[in-house]
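Worksheet: the structure to be examined is printed underneath.
The values are calculated or read from the model by the stated rules, or taken from the named source; none is laboratory data. Predicted model, so just to flag it, every value in this text is computed and none were measured. With ideal geometry, Cβ positions are generated from the backbone for all residues, glycine too; neighbour counts draw on all protein chains shown.
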Amino acid sequence: MFRYADKSSGLLFSSQGLSDLTAKLAKGLRDEVESIDPNRLLNTAPADLAAYLVEKYRLDPPTLRRDEWSAEESETKIDVSGDQNRWISDRSRPFYVPGQRIDVEVPFDGDSELFYVRPNQFSISPPRAAVRGRSLLLSFEIPHEQERDVRSETDRSLAEIEQNLSRIRGEADQYNRSLPYEAETAVSNRRARLLANQGRVAALGIPLKKRAGAPSTYAMPDVRRRIVPTLPPAASVPYEPEPVLDAEHYEHVLSVVQNMVQVMERSPSSFAHMGEEALRDHFLVQLNGQFEGRATGETFNAGGKTDVLLRENGRNVFIAECKFWKGPKHYAETIDQLLGYSSWRDAKTAILVFNRGTSTSTVLDGVRDRTEAHQYWKRTVDWKHESGFRYVFHHPGDRNRELTVTVLVFDVPSPSSTG
């Protein structure tokens, strides 16, 4: 938690440097990761935890809403004892004269505390204003016999404030861009250490003693932001490592599947009259050629039968559904079907969409729209492919059990196209 200089002085952009603040926030992020209960951290999806940290520790510089400004005036008494141009017998005491007070109120969005931090490039005479709730207040006190161009003074003050905000915004943007890497690295490093610790303890072959007073939930500390993001929900029960098909092998499985396109292109007439089951069998032939017969079709798994299931050492490492495109509604039902019979151990999955007679762009648009509208969709992965997408879903029973779902669209020959 950081502290600012005395705000009652009215000076803006004159407290601690913004670079000092960002360094403290980055350290706070790392410290929070280190403070989370080990099982709590391991049971939380890494991407969700990183997203929470990014939201919590990001900077939100203020933006003035000049088009909504307003002014208010009132009568007041003004102390002019410091005015050297006036004849006053005793300047050691206040000397009040009638006057007018004009308050110019400018609403803003963003974190009000950033009005008080100092950008790397700053003026030794910072502007003055008061922060009142969600508005910036510029006040002018004018003795009745004095003339002042309040509009010009307001414009100059706001221009100076905007200049400082622009500098802060540039530095804050740079810091915010670094946050995802900072959060992901902190989470990844601690997860790796915790898993390594578990591995060493498991190798002992000695029952592990439960630590007395181990927390069952994670208590989030007080934070500086107005709206505090919520730590992703997860149990603090002992974490059990899960079997995972690594990225390299997952891509290899998908490449084997995609090679079938070349086979269909070379012999279109052979595939023109095939239905789902026959097409699926050809995919299985290719997979079994690569994985020594461990790929099976129509296999009972969890809540139903899956079209393609690849097992390794008795565990499911790849699972897929094959469907002809029959419209967005039917495709959405395929997602439900895949999630319905995927057990928590199935981390890598795919939906193979066979398209016959519909515009490919129409199918791709339907896939994207229906997938991202699904109740268990979490995020879309940046995966470059001309006829496919990659998504992350969560298991219907646990938001922290994530499944990678790759959707590939294949145009298959139709009887009319082969003559």
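At-a-glance table
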read-out	value
Spans of helices (runs of 4 or more DSSP H) in the range 4-83 with at least 3 residues farther than 17 Å from Glu182 by Cβ, out of contact with any His (no Cβ under 6 Å at 6 or more places or on another chain) and touching a residue at least 24 places away in the same chain (Cβ under 8 Å)	38-42
Flag if Lys329 is farther than 19 Å from Glu251 by Cβ and either modelled with pLDDT of 85 or more or in a strand (DSSP E or B) (or both)	yes
Single residue of the range 18-71 satisfying the filter (closer than 30 Å to Ala347 by Cβ and among the hydroxyl-bearing types (Ser, Thr, Tyr)) that is farthest from the chain's Cα centre (by Cα)	Ser35
Test for Arg368: is it at pLDDT below 90 and either within 20 Å of Glu333 (Cβ to Cβ) or of a type outside the set (Ser, Thr, Tyr) (or both)	no
Any pair with Cβ under 8 angstrom, 6 or more apart, that starts in the range 138-162 at a residue that is assigned by TED's automatic domain parsing to the domain that holds Arg128 and ends at one that is β-branched (Val, Ile, Thr) and part of a loop (DSSP other than H, G, I, E, B)	Pro143/Val80
Subset of the range 375-398 (residues that are modelled with pLDDT of 85 or more, of a type in the set (D, E, K, R) and either under 16 Å from the mean Cα position of the chain (by Cα) or part of a strand (DSSP E or B) (or both))	Lys378, Arg379, Asp382, Arg390
Identity of the residue in the range 135-178, in contact with a strand residue (DSSP E or B) (Cβ under 6 Å, 6 or more places away or on another chain) and outside any strand (DSSP E or B), that ends up nearest to Val80 (Cα to Cα)	His144
Hits in the range 93-134 (condition: assigned to a strand (DSSP E or B), aliphatic (A, V, I, L, M) and under 28 Å from Lys24 (Cα atoms))	Ala130, Val131
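Residue-by-condition table, conditions (1) over 32 Å from the mean Cα position of the chain (by Cα); (2) modelled with pLDDT under 70; (3) over 14 Å from Leu352 (Cβ atoms):
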| position | (1), (2), (3) |
| --- | --- |
| Val237 | no, yes, yes |
| His249 | no, no, yes |
| Val253 | no, no, no |
| Met264 | yes, no, no |
| Ser267 | yes, no, yes |
| Ala272 | yes, no, yes |
